[in-house]
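Working notes, beginning with the structure itself.
Just so it is clear, none of the values below were taken in a lab; they were calculated from the coordinates. These numbers come from a predicted model, not from an experiment. A quick note on method: Cβ atoms are made from the backbone with ideal geometry, for glycine too, and the neighbour counts reach across all protein chains shown.
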Amino acid sequence: MASPLHGWSSPTAAAACSPTSRKAAHWLTAPAPSLLPPPPPDLCAALVEEATTRGIPIIRGKRLVNIDDTGNHVRAHFTDGTTAEGDVLVGADGIRSVVRTLIDPTAPRPRYVGFLNTAGYARGLNLGIEPGVNHLVFGKRCFFGYVGHPNGDVWWFANPPRREEPDPAELAAVPADVWRAQLRELFRDDDVPALAAIDNTEQITTGWVTYDMPSVPAWHRGRTVLVGDAAHAVSPSAGQGASLAIEDAVVLGRALRDQSDPAAAFGTFEAARRPRVEQIVTQGRRNGSGKTAGPIGRVLRDATMPLAMKAMFRGDRDPFRWIWDHRTDWDETATT
Ligand SMILES: Cc1cc2nc3c(=O)[nH]c(=O)nc-3n(C[C@H](O)[C@H](O)[C@H](O)COP(=O)(O)OP(=O)(O)OC[C@H]3O[C@@H](n4cnc5c(N)ncnc54)[C@H](O)[C@@H]3O)c2cc1C
């Protein structure tokens, strides 16, 4: 990929894929509900450009409802009655994956992580902070994250804790001014720029419920395989989900390049990926646990965290290097 990638906080880099020798059933999906304006489009633009250069068609607005595995091919059925056929089908359809339940109707449902997400762009709020540096703060009642844009805007998010899993429709129905007032209340005693960010944000997203997917027993069946959140959604507290999805694509591409039998290639892919992604799901859960601490847990957390962080990152130590520094060698041959 020629241009640098911007837009995600995760340091894991994306890698370019070479074409596999087989034809895949590919389509682009119905757009996800727009919670925020999308991040800078460098990555999407680079991928679309590369696909176009290679003559790969991109078809938008299709919604998959069923799969037919004929043994030699796999056929995708869409809500509009159309079909598409290929050698393999890659289910990259996110945490509510239909492909996952078509592979295994008894697959577990996503797990609620105990807090909500909300976010906004505060315009014209010059905090004098270094652009591009993520600030993550455990407030008294709510976790708050913010990063400065070079133009002075502040991109922020908050994680209001909720013990019980709320109904997404009820959350979506909370009027904007009520939601804003609730957020202001959560940060009223904190010495962070949360109130300024809230007050300078025209449109705050209504809260949405946050999940992860601890362990999906079946990642593939026949000529169909899962990647990304469909196979292993990570709590946003890990900041790793998109990176893992990209890693999946590279490792799966390599396996399909080197193994002619899809089942063997999918087995190689799963063996390479499952231990790493499940460990990161666990880490994401752990990262998020401090966000839902009760009054006593909060006191303990605030008393111990500064010392613990100092000890963990002393010198050039980084206990999370195994997450950031992961490399996949595209030229290596994939074997079972
Ligand atoms: C608040 C928040 C913060 C995050 N922060 C980070 C971060 O800093 N770094 C990071 O790396 N990751 C982060 N993530 C995680 C990241 O967004 C996801 O892990 C990533 O988007 C997963 O990619 P995916 O392609 O597997 O699924 P998705 O991005 O969910 O894409 C799935 C697509 O499939 C489509 N689809 C669904 N069903 C069908 C169907 N039946 N037919 C056709 N199409 C369908 C959907 O419309 C969607 O377009 C964050 C997530 C959240 C919620």
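Can you tell me the convex hull volume per residue for segment 52-112, based on C-alpha atoms, in Å³ to the nearest whole number?
Numbers: hull volume 7.1 nm³, N = 61.
So the per-residue Cα hull volume is 117 Å³.
What is the fewest-to-most order of Met312, Met213 by other Cβ atoms lying within 10 Å of their Cβ?
So the ranking, lowest neighbour count to highest, is Met312, Met213.
Give the peptides 88-94, 156-162, 51-57, 321-327 in descending order of average Cβ contacts within 10 Å, highest first.
Values: 88-94: 22.3, 156-162: 20.7, 51-57: 10.4, 321-327: 12.9.
Taking the mean over residues of other Cβ atoms within 10 Å, the ranking is 88-94, 156-162, 321-327, 51-57.
Round to a whole angstrom and tell me the spacing of the C-alpha centers of segment 60-96 and segment 99-126.
Centre-to-centre (Cα) distance: 23 Å.
Just want the ordering: Asp104, Asp199, from fewest to most Cβ atoms lying within 10 Å of their own Cβ.
Ascending Cβ contact count within 10 Å gives the list Asp199, Asp104.
Give the Cα extents of segment 112-211 along the principal axes, in whole Å, largest first.
Principal-axis extents of segment 112-211 (Cα, largest first): 38, 24, 24 Å.
Taking θ = phi - 60°, what integer Hz values does the Karplus form 6.51 cos²θ - 1.76 cosθ + 1.60 yield along segment 315-327, in sequence order, with x for Gly and Pro?
Residue by residue, segment 315-327 yields x, 9, 6, 8, x, 9, 4, 4, 7, 5, 8, 6, 10 Hz.
What list do you get for Lys291, Lys140, Lys62, Lys310 if you sort them by fewest beta carbons within 10 Å?
Listing Lys291, Lys140, Lys62, Lys310 from fewest to most nearby Cβ atoms yields Lys310, Lys140, Lys62, Lys291.
Relative to the longest principal axis of the C-alpha atoms of the chain, give the angle of the C-alpha long axis of helix 241-258, reported between 0 and 90° and rounded to the nearest 10°.
In the chain, helix 241-258 runs at an angle near 20 degrees to the longest axis.
In degrees between 0 and 90, to the nearest 10, how far off the longest principal axis of the chain does helix 295-312 point, with axes built from Cα atoms?
Result, in degrees: 70.
Taking all pairs of different Cα atoms in the chain, averaging 1/r and flipping that mean, what Kirkwood radius in angstroms comes out?
21.9 Å
Is it possible to state the helix-based mean residue ellipticity at 222 nm for the chain, with each DSSP H run of 4+ residues giving -39500 (n - 2.57), the sum divided by total residues, to the nearest 500 deg cm²/dmol? What is it? List each step's numbers first, then the result.
Details: 10 runs with 112 residues, N = 336.
Only helices count here, giving -10000 deg cm²/dmol.
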